[in-house]
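Asks: Okay, here's the structure, questions in a sec.
Any read-out appearing in this document is the output of simple, stated calculations on the displayed coordinates, not a laboratory observation. All figures in this text were calculated on a predicted structure; none of them were measured in a lab. Cβ atoms come from the backbone with ideal geometry, glycine included; neighbour counts cover every protein chain shown.
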Amino acid sequence: MTRAEFMGRLRRGLVGMPAAAADEIAADYEIHFEDGAAAGRSEAEVAAALGDPDRLARELRAEAGAQRWHQEQNPSAAAGAIFGLIGLGAIDILILLPIVFPVFGAVLAVLVSGVAIFLAGGAVLVAGPFLGAPGGVLAAILMGVGLMGLGLFMGGLMAVLTKWLIDATVWYARLHYRVLKPALDNQPQAWGRN
Amino acid sequence: MPETIEIQLKKGVLTLCVLALLNRHDSYAYEIASTLSDAIDMGEGTIYPLMRRMQSDGQVETYMVESPSGPSRKYYRLTDAGRRAFEAQTTEWRAFARAVESILDATAQPAAPVRTTEDVTAERGAEQ
């Protein structure tokens, strides 16, 4: 593989990352080729020693995704981190799905009931005093506020739990990154499809 | 997944090796990669994801050095957190390696298992 081929495949693999970060990574590898040339190695030798550019790109993208999740904790960063790590093979989707679906379903159910209880509390609070609730006006107001509080608490708890679950997944997956073996070893299998 | 132990082992050791190299002197990626790929069997390209990860974990930081020939070069140096990580991981590694060695030695000499065990216990006691 020539330097241009390696860089082309790496570049294609980095599509989707912020341009500045992708440029910086590409520059690192360009300099690696130059240093290799200065040390008297051919482009093919350097490319072979570097490893599979597709896999390197996946690893770099997964790392960037995990990094982004730690900085800005929103659903899109979470999805980016998880999908990056799945692409890397650090998370086995087939093993993960049976665990994720029930947990995700339970979290979602509690979240929805939290919202429902919150709304019901609001309705009791507003309508109760006028509809002659049992126990009088004060009881209706207190019950409304109480229900809304419970709803908020359930929602908050689920938000914390969800964040914790994603943190745990990202942590686990980063622990299971696979180290690239020198490309020479797996060249036939990895590039067999070309 | 095949070769998981080998992969996990190398991955753990790789970080420690980079920390050790940088603890000795600041370095640039090509130098780190060529040193390590000679010493342990690894793809040179792996060093770049690893360096970015160590950077985002706050273990290393970069600075540019003007080069007389060509563009300026990116050097890596250990942060205080990196130095602490190096010390902690070195201690862990030494203890782990010693434990594995003693087990390997014990199985290599089945004729004197009692003495070996005592030696190990004595060694352990001396350390603590």
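Asks: FRET efficiency for B:ALA81 and B:ASP41, Cβ-Cβ distance as r, R0 = 25 Å, nearest 0.05? Write down the numbers at each step before the final one.
Replies: Numbers: r = 29 Å, r/R0 = 1.15.
After rounding to 0.05, the efficiency reads 0.30.
Asks: Once you keep just the Cα pairs under 8 angstrom separated by 6 or more residues, what percentage relative contact order results for the range A:1-100?
Replies: Averaging sequence separation for qualifying contacts and normalising by length gives 27 percent for the range A:1-100.
Asks: Now a separate question. How much FRET efficiency would the formula 1/(1 + (r/R0)^6) give for B:LEU16 and A:ALA120, where r is the Cβ-Cβ distance and R0 is 45 Å, rounded to 0.05? Could you put the intermediate results ahead of the total?
Replies: Working: r = 57 Å, r/R0 = 1.26.
The computed FRET efficiency comes out at 0.20.
Asks: In cubic angstrom, how much convex hull volume per residue do the alpha carbon atoms of the range A:93-175 span? Kindly include the intermediate steps, with their values, before the conclusion.
Replies: Values: hull volume 6.3 nm³, N = 83.
Per residue, the Cα convex hull of the range A:93-175 comes to 75 Å³.
Asks: Name the residue, out of A:ALA21, A:ALA173, A:ALA66, whose mean-square fluctuation peaks in a Gaussian network model built on chain A with Cα pairs under 10 Å.
Replies: A:ALA21
Asks: Here's another thing I want to ask about it. Using Cα-Cα distances under 8 Å and only pairs 6 or more residues apart, what relative contact order does chain A have, in percent?
Replies: 22
Asks: On to the next question. Is there a simple number for the mean count of other chain Cβ atoms within 10 Å of the Cβ of residues in A:48-54, and what is it?
Replies: The per-residue average across the peptide is 4.
Asks: Also, quick follow-up: Give me the distance between the Cα centres of the range A:23-66 and the range B:57-86, rounded to whole Å.
Replies: Cα centroid to Cα centroid, the span is 18 Å.
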